[in-house]
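**Student:** I am attaching a structure below and will ask some questions about it afterwards.
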Amino acid sequence: MLNWIEKRTGFVSMAKDFLTEDVPGGASYWYVFGSATLFAMIVQIVTGIFLTFFYAPSAATAWESTRAIYLNPYTHFLLAVHYWGASAMIALVFLHLLQVLIFGAYKSPRELQWVVGVLLLLVTLVLGLTGYLLPWDMDAYFASQVSLNITGLAPVLGPMLQHIAQGGGSMGTATINRFFGLHVWLMPAVLVLLVGAHLAIFRHNGAAGPVVEDRRTLRTGPFWPDQLFMDGAFSFIVFVIICFLAFAFPPYLDAKADPTKFFVPYPAWYFLSLFGLLALVPPEIHLGPLTISLELIATIIVPTIFLLIVLLLPWLDRSRTRSFAARARLLWAATIVVVVIIGLTIYGQATTMIKQAAAPSSPPESVVLSAEAATMPAAGSPGTVTAANSGMTSTQASATNGNGVKVFASNCSSCHGAQGQGLPGTFPPLANNPVVTGDPNKVIGIVVSGLHGSISVNGQTYNGQMPAWKGTLSNKDISDVITYIRGSLGNNHASAVTEAQVAGYKP
């Protein structure tokens, strides 16, 4: 049988060449991170495929289908393995890149191998980010909203990218569908292609081996059986740790996403350093007439510069050898960066926990999974927010036209709240807002053209991105919803806005 396969494929000889290939310096546990990362990726793909059998990606069904997964002990364990497997895979990619950096294995002729590895880290982070939203619970919704708002801060293309990712001006079924498509199809396909390229380049260049002055002094040893045993043993340990964490600490399912409520999200650990950096800097500083957005610098500019430096590291490092002495400055700089990232992560966790302690606590999971919770309407699903169930009183509903209520419920309430209360730090309140009840032409301009950047309302700063509704809503819809907002939310009692005023608006 093996001869038959060999004559037609050559697989047997290729496997033999691979297993008997010499490993520079002999087998070592320093080399296990790459194989363990590949193993973690296989775990993620297998568990992810099975989870798609039970998950329904829409605002009306995402939380419900996730709840059903939790109620079955087997699918619950499968989900928990997928959850902890994601953390393991990201941690292993970090460790693998750090090990390559320490050994100087990014230097010629392995520059492209390093670049592909960095791209693999980025794709893995995107997989974690897109998967975080899919349960569609409170934490998933608000943490993803923060990520989308950060995307919107990017100059020029930021607001457009946020609008595309959300599938509109607010999060809903379109957002879940886009994140689900990225998480299940596009990013895994890119990941597999990059892994294939990474392995092909590795096979072409061979292992870099340990750092020595004279490679001729290195002893060698075949990949089989010692290195394969080490790779397999470490991967098995990783799998045991994942299964233990999945059994002992399964992920918590929060209440169904409700954008009208106040909630402090807890981001995934691999984004805590970014949250810590955000918590350290004020939104903006004013230098005379000049306003500098520190949020833009912290969330877009600094990470982009850092990424470019990491990608170009093989060309920026001008040392001629891989020796530690020749690369001492680089290694010290890398140590400082790692320490700063760890410090920001700890600070981000501490500040998030303080904010969560001051906010309303989440209900116990037993309550979340109860039959009563399953009957709650899904936020963002069509028709779920109406005058009858959005928190509006009958007086508020009758004080304006029905179309204004409908337009507000479908397009505004997911960000500004069912009663226009807003979301602290992100979306300003529409109720009791002097700008809303002030010059109607200014309000029309905000709705028609959108609003970007930090704004101050009643002494509070908000940084959410307001989409331009021109072309999405008709002039009548815009006039009706502005009339409703100005005359019915909170203590607002301003004059109505006509369709003619909207049509005649000029910036």
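**Student:** Excluding residues fewer than 8 places away in the same chain, name every one of the lysines whose C-alpha is closer than 25 Å to that of Lys7.
**Tutor:** Lys16
**Student:** When volume of the Cα convex hull per residue in Å³ is calculated directly from the model, which label among (i) 194; (ii) 158; (iii) 182 fits?
**Tutor:** Identified label for the calculated read-out: (iii).
**Student:** A follow-up question, please. Only residues of region 442-459 count here: report those whose backbone N is under 20 Å from the spot 7 Å along Cα→Cβ of Asn432, or say none.
**Tutor:** In region 442-459, the label zone of Asn432 (backbone N under 20 Å from the point 7 Å along Cα→Cβ) covers 455-459.
**Student:** Give a residue-ordered list of calculated ³J(HN,Hα) values for region 267-283 (Karplus: 6.51 cos²θ - 1.76 cosθ + 1.60, θ = phi - 60°; whole Hz; x for Gly, Pro).
**Tutor:** Whole-Hz 3J(HN,Hα) from phi for region 267-283: x, 4, 4, 6, 10, 5, 4, 5, 5, x, 5, 4, 5, 7, 9, x, x.
**Student:** Also, I was wondering about something else. Distance cut-off 32 Å, Cα to Cα: go down the list Lys256/Lys406; Lys406/Lys442; Lys355/Lys442; Lys256/Lys442; Lys355/Lys470 and report the pairs above it.
**Tutor:** Lys355/Lys442; Lys256/Lys442; Lys355/Lys470, as the Cα separations exceed 32 Å there.
**Student:** Working from Cα positions, state the angle (0 to 90°, nearest 10) between the long axis of helix 440-449 and the longest principal axis of the chain.
**Tutor:** Roughly 30 degrees between the two axes.
**Student:** While we're looking at this one, here's another question. Which whole-number percent is the relative contact order of the chain (Cα, under 8 Å, 6+ apart)?
**Tutor:** 18 percent
**Student:** Using modelled amide H (1.01 Å from N, peptide plane; none on Pro or chain starts), what sits under 5 Å from the amide H of Leu451, excluding residues fewer than 5 places away?
**Tutor:** Those lying under 5 Å, H to H, from Leu451 are Met466.
**Student:** Hey, another quick one. Output ³J(HN,Hα) for region 302-312: one whole-Hz value per residue in order, computed from phi by the Karplus curve 6.51 cos²θ - 1.76 cosθ + 1.60 with θ = phi - 60°, and x for Gly and Pro.
**Tutor:** Per-residue couplings from phi come out as 4, x, 5, 4, 4, 4, 5, 5, 5, 4, 8 Hz.
**Student:** Starting from the amide H of Gly221, placed 1.01 Å from N in the peptide plane, find each other amide H under 5 Å away whose residue is 5 or more places distant or on another chain.
**Tutor:** Amide H to amide H, under 5 Å and 5 or more residues apart or across chains, Gly221 pairs with Val23, Gly25, Gly26.
**Student:** Take Leu451 and Thr351, extend 7 Å from each Cα along the Cα→Cβ direction, and tell me the distance between the two endpoints in nm.
**Tutor:** Rounded to a tenth, the inter-label distance reads 2.4 nm.
**Student:** Show me, for region 29-38, the HN-Hα J-couplings you get by feeding each phi into the Karplus relation (A = 6.51, B = -1.76, C = 1.60, θ = phi - 60°), rounded to Hz, glycine and proline as x.
**Tutor:** Whole-Hz 3J(HN,Hα) from phi for region 29-38: 6, 5, 9, 8, 5, x, 5, 5, 5, 4.
Just so you know, all these numbers are worked out from the coordinates, no wet-lab data involved. Remember, predicted model here, so these are calculated numbers, not experimental data. No Cβ is skipped: glycine too gets one built from the backbone with ideal geometry, and neighbour counts run over all protein chains shown.
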